[in-house]
1. Could you work out how much longer the chain between A:Arg115 and A:His629 gets when fully extended? Use 0.36 nm per residue separation minus the Cα distance between them, nm to one decimal.
2. Please list, by residue number, every one of the trypsin sites (Lys or Arg not before Pro) in region A:1-67 that is coil in DSSP and has at most 15 other beta-carbon atoms within 10 Å.
3. Using label points projected 7 Å from each Cα along Cα→Cβ, tell me how many nm separate A:Arg511 and B:Lys174, to one decimal.
4. Over the whole of B:79-90, what's the average partner chain Cβ count within 10 Å per residue? Rounded to a whole number, please.
5. If N is the number of residues in chain A, what value comes out of its Cα radius of gyration divided by 2.2 N^0.38 Å?
6. Relative to the longest principal axis of chain B, what angle (0 to 90°, nearest 10) does the C-alpha long axis of helix B:172-183 take?
7. Provide the three semi-axes, in whole Å and in decreasing order, of the ellipsoid equivalent to region B:53-183 as defined by the square roots of 5 times the Cα gyration tensor eigenvalues.
8. If you take each beta carbon of peptide B:16-28 and count the beta carbons of other chains within 10 angstrom, what is the mean?
Amino acid sequence: MIAELGLAMLWLAAALALLQLAAGAFALSARGRELGGIVRPVAVVQGVLCALSFFALIVLFLRTDLSVKLVATNSHSLKPFVYKLAGTWGNHEGSMLLWVTVMGLAGSFVALFERRLREATMLATLAGQAFVSIGFYAFLLFSSNPFERLPEPAAEGNGLNPLLQDIGLAFHPPTLYLGYVGLSVAFSFAIGALITRDVGPAFARAMRPWVLGAWIFLSLGITAGSYWAYYELGWGGWWFWDPVENASLMPWLAATALLHSASVLAARNALRAWTVMLGVVAFSMSMIGTFLVRSGILTSVHAFAVDPERGSFILALLAIYIGGALALFATRASTITEGARFAPVSRESALVVNNVALSAILGIVLVGTLYPLLTEAFDEKVSVGPPYFNPMGAIFFVPMLVVMAIGPMLRWRGDRAARVSGKLAIPALAAAATALGLVALAPTIKPMPFLGIALAVGLAVASVLPLVGRELKRTPLPTWGMVVAHFGIAVALFGVGSDSAFSTEKLVASRVGETHAVGPWQVTLSDIEPVAGPNWTAIEATMAASHAGGAASELHSQSRNFTSPPLVTSESALLTRWNGQLYAVLGEEADDQRWQLRLWWKPFVPMIWYGGLLIGLGGLLALIGRVAHDVRRLRAEGKIAYRRQRQGR
Amino acid sequence: MSEIAPVKRAGIWLWLPLALFVGFFVLVMVGLLRPADRDVASAFVGKPLPAFDLRASIPGRPGLKTADFADGKPRLLNVFASWCIPCIAEAPQLDALARAGVEIHGVAIRDRQEDVQRFLAQNGNPYTRIGADDLRAVQLAIGSSGVPETFVIDGKGVIRHQHIGDIRVEDIPKLLEKLREAGA
């Protein structure tokens, strides 16, 4: 019954999206003007219905209703509660339903609260939002119905991919989805603005919170995903330039560029066509990312949800949305003026350099990701790895870091280099001192980590400079956000540099009782014993790690055997200290009762993810600042309207 | 400085994003329509290995030369690199093949000694010999364009089969069968 109810609500929501599109489009013409009134309410109800439908699916998963095909294939009655919940979106159909639900709710929110755009632009935006949703509704209803029943209820569920039974990963995909969907709202705003040729500061301000929100989720999603790959895959690495990882990085790069160019548009009414373009590109990257992950068109080490047929469907949607939007851009953008001018030395110029660098890195990642596909078309198969991505990315990343240090210090419109050069000498000195220190203490360091660490220290100092001389309590939250996010980049970069420069590792075949040195640590394999969990059994290694004769800490690493479905995973053991992380993985049993152990000492490696969190926090501060400002403005406008009404009476 | 400056832009450039997208679309369509064909009949199948003599990729272990394939025993030649992610994915399958008694020679492409050592330490070492192919000369000479690729070489040093891409679990029986054919 619940499944049927959920499906019915999904159909209703789809029908309302169709109505929203038709009414919104028709209302733009002179004859259909009065239809405009229903667009906002329809958008609200559509979102609510979709959310109820998703709620129905959650209930089915929590009850483990095995008469529903999706539940039977992806869940299991013995699964812990939180993974039953996560199972709702840990599969193709459920994740698509989550996608439209968030999109529908975002549309409701825009319809309820966004009042600063012209009504025509607003209608075009909501129609655009409905247009995007319809494709996903069609996808769900015609090709991947999550509520499909089995002819006979299954006796027991199939389980969830054990690699995905991890608390971090349970919330990693929805985080990324929230990011993607936020960008879809930005996309709708861009379409609306293009249709009515109404690209200006109001458009940028309306779009900005959505881009910020999306950007926060993408930052956190990428951080979580990277940490997951780090401790769950057991390879000690945190980024592999794998297509799936690139798929999440590309929208982030585009969103970062969009965020900065939208700031220019909002503050100075410049970079109009470019901002609209980025609004389209950012969502394109989300769609392309989803497509690359789902279609299985590229070989990836962590491809979980691959199905070429679904790939074709997403590709068709991609062609309609992105092709359509870019065609609209090509025909309309020539009528959008470029907006206000600015001097070569100015905040705007720095942001333009940032945009160019981010776009270039985006291009590099996109080309590297698609290159195997290109050569495959000519019967050549290649794999593109770090030898391409790292140096190519660095060409643009390094100048971007420098501009990141300088840009926030510059004034809008035009500035003199001499005015800021005195203050900027401090971070430059800090970077130089770090460089000298590295040369003295670690003369064998490789050039890239060397540059990374020195620049990270310089940027960390430079990032707090915009606060110097300001009254901290009066400093607007968005400024705090920028400072924290830029500082986060410096922190993450420091972690990256330190990890690649100073990590030490050891692979040993160890008997119980033997001690091995890795970095400053002494690790003793103290015990090997079998353990069991709710749906797995494992061999667990207990290790004692001590640092320079200090007290020993205990570490547990497991080699887990899942039964439904059968799969072996390795659970790495991590010991985090302020100055780094000890990482241990239990491998296979070698001959004569010796066990393979992989040990790493990775100095300052957690800073990579602390940096990621700081970046997200910076975004959050900016978002709170912007939204609080919007709320105050809405209230003030409400009061004015109320007074006018009373005076009029 | 004027506040609003209407700029006349060359309209043709505005079509560039769309053109790039169409290029992407065509590329992906080609990729989708051609099923992942991992069994390309290579022009090099049936040809003897070219003459080469590669230095050892890691110290203390033998390098690889053409004569190593001419002792009458069929084996696998695996082209890999420490920086290649699918190579990590296929490592368990190579290990399984090695455990099944298959002799595997490796060619490491554009790799550093310490990286190869780390790669083998982390993913297991199924190789009897590993040659370092710094310039991809041997790789290109045997008709391999990417990593990973695996060749079945018969006991006279003739290429019998080329497997493109990572070896998946389901590919193992086929490789074993090709090895049997090459051993006859």
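A short reminder: the numbers here are calculations on the coordinates, not readings from a lab. Here the structure is a predicted model, which is why all the values come from computation and not from measurement. No Cβ is skipped: glycine too gets one built from the backbone with ideal geometry, and neighbour counts run over all protein chains shown.
1. The span from A:Arg115 to A:His629 would gain 183.6 nm if fully extended.
2. Taking region A:1-67 and a limit of 15 other Cβ atoms within 10 Å, the loop trypsin sites (Lys or Arg not before Pro) found are A:Arg31.
3. Using points 7 Å along Cα→Cβ, the separation is 4.6 nm.
4. Going residue by residue through B:79-90 and averaging, the value is 5.
5. For chain A, the normalised Cα radius of gyration comes out at 1.03.
6. 50
7. That gives 20, 17, 14 Å for the three semi-axes.
8. 6
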